[in-house]
Amino acid sequence: MGRPLTGQAEGTGPAGSIFAATDRRVGILGGTFDPIHYGHLVIAEEVCEALSLDRVLFVPAAVPPHKIGLSITPAEHRAAMVELAIAGNPRFAVSRIELERDGPSYTADTLETLAGEAARQGVARDLFFILSTEALAGLSGWHDPDRILSMCRLAVVQRPGTPLPTKPELEARFGDRADRIMLVETVPLAHSASAVRARAATGRSIRYLVPPAVEAYICDHRLYRSDNSSEDCTK
Ligand code: ATP
């Protein structure tokens, strides 16, 4: 395996590269990560193992297209929490690619940049975009889904409440592109960022829902607290 990139953003790697040149099979987990929780980490780990990935890149969105107009925590906080959460896993890295681009954070544009990076390095690199069944259900509403499917394969994991599709269902929906979609069985965890935010807002415990370093960051920066909450989260 190549040089560890844990917690490392592009621009700080060898020759400013996002990846080690030896990274051939790369997973991409895009999200709002407001905040990152164990549900995200488990799917990344399980897809990494099931598909023998060299690297999983966590890509926090600057402006999630489906959350425009909603109140979102500043990107720097969200990215910092991702860095803390993935620290110590040599196959995980975080990318600021969407934070440094203006406008809505379209996955198709991100994949194009990552494919361009591989071309510049002169390596053949397989990209797997990791998403849940819930996200897959809304894929047709994404910006340029055909371009997405032409640049990567999808690694689809179950989100509790939305089961994995069957192969015939995928064929009915995606035709001859169904073979671009890999179904990966993972431990189903019902964690959601919105539930973490709701608990933090009222001073309820988020321990065991997020990594301890993320819990401490949320507490230190008083993220998600409702204005009138005087609960001490350090207890
Ligand atoms: P929110 O509750 O604010 O909508 P979220 O928990 O869905 O947030 P995102 O950052 O929007 O978190 O998710 C990024 C990706 O991870 C999406 O594909 C999402 O469906 C998936 N994901 C998030 N939580 C889980 C989970 N518990 N199990 C499986 N997939 C998940």
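The values are calculated or read from the model by the stated rules, or taken from the named source; none is laboratory data. Given the structure is predicted, the values throughout are model-derived calculations rather than measurements. Every residue, glycine among them, receives a Cβ derived from its backbone with ideal geometry; neighbour counts consider all protein chains shown. For the accessible areas, the whole protein counts, side chains as well, though only heavy atoms, and no ligand, DNA or RNA atoms are used. Shrake-Rupley method; radii C 1.70, N 1.55, O 1.52, S 1.80 Å.
Counting only protein heavy atoms and using a 1.4 Å probe, the accessible area of residue 113 comes to about 60 Å². Listed values for region 215-223 are Karplus-derived 3J(HN,Hα) couplings in whole Hz (6.51 cos²θ - 1.76 cosθ + 1.60, θ = phi - 60°), namely 4, 5, 5, 4, 5, 4, 9, 6, 6, and x replaces Gly and Pro. Pick from 135, 193, 172: which residue has the top mean-square fluctuation in a GNM of the chain where Cα pairs under 10 Å get a spring? Greatest mean-square fluctuation among the candidates belongs to 172.
Of the residues 82, 47, 187, the one that moves most in a GNM of the chain with alpha-carbon contacts below 10 Å is 187. Taking all protein chains as they are arranged and a probe of 1.4 Å, the heavy atoms of residue 173 leave approximately 110 Å² accessible to solvent. In the assembled protein chains, residue 221 presents an accessible area of approximately 90 Å² (probe radius 1.4 Å). In this rough spin-label picture, where each label sits 7 Å from Cα along the Cβ direction, the residue 182-residue 101 distance is 2.2 nm. Coupling constants for region 31-42 follow from the phi torsions by the Karplus curve (6.51 cos²θ - 1.76 cosθ + 1.60, θ = phi - 60°), and in residue order they are x, 7, 6, 10, x, 5, 9, 5, x, 5, 5, 5 Hz; glycine and proline get x. Classify region 24-151: rounded, prolate or oblate, from the alpha-carbon gyration tensor (a ≥ b ≥ c, eigenvalue square roots; a/c under 1.5 rounded; otherwise prolate if a/b is larger than b/c)? Here region 24-151 falls in the rounded category.
Taking amide hydrogens as placed 1.01 Å from N in the peptide plane, the amide H of residue 92 sits under 5 Å from those of 56, each at least 5 positions away in sequence or on another chain. Histogrammed with a bin width of 5 Å, the alpha carbon distances of the chain distribute as 1, 6, 14, 18, 19, 17, 12, 7, 3, 1, 0, 0 percent, first bin at zero.
In this label model, residue 120 and residue 150 are separated by 2.2 nm, measuring between points 7 Å along each Cα→Cβ vector. Taking amide H as placed 1.01 Å from N in the peptide plane, the amide H of residue 28 sits under 5 Å from that of 57, 128, 129, 130, each at least 5 places away or on another chain.
Backbone phi angles across region 183-196, fed through the Karplus curve with coefficients 6.51, -1.76 and 1.60 (θ = phi - 60°), yield HN-Hα couplings of 9, 10, 6, 10, 5, x, 10, 8, 4, 9, 5, 5, 5, 4 Hz in residue order; Gly and Pro are listed as x.
Sequence-distant contacts, meaning Cα pairs under 8 Å at least 6 residues apart, place the relative contact order of region 12-72 at 41 percent. In units of the rule-of-thumb radius 2.2 N^0.38 Å, region 93-142 shows an alpha carbon radius of gyration of 1.30.
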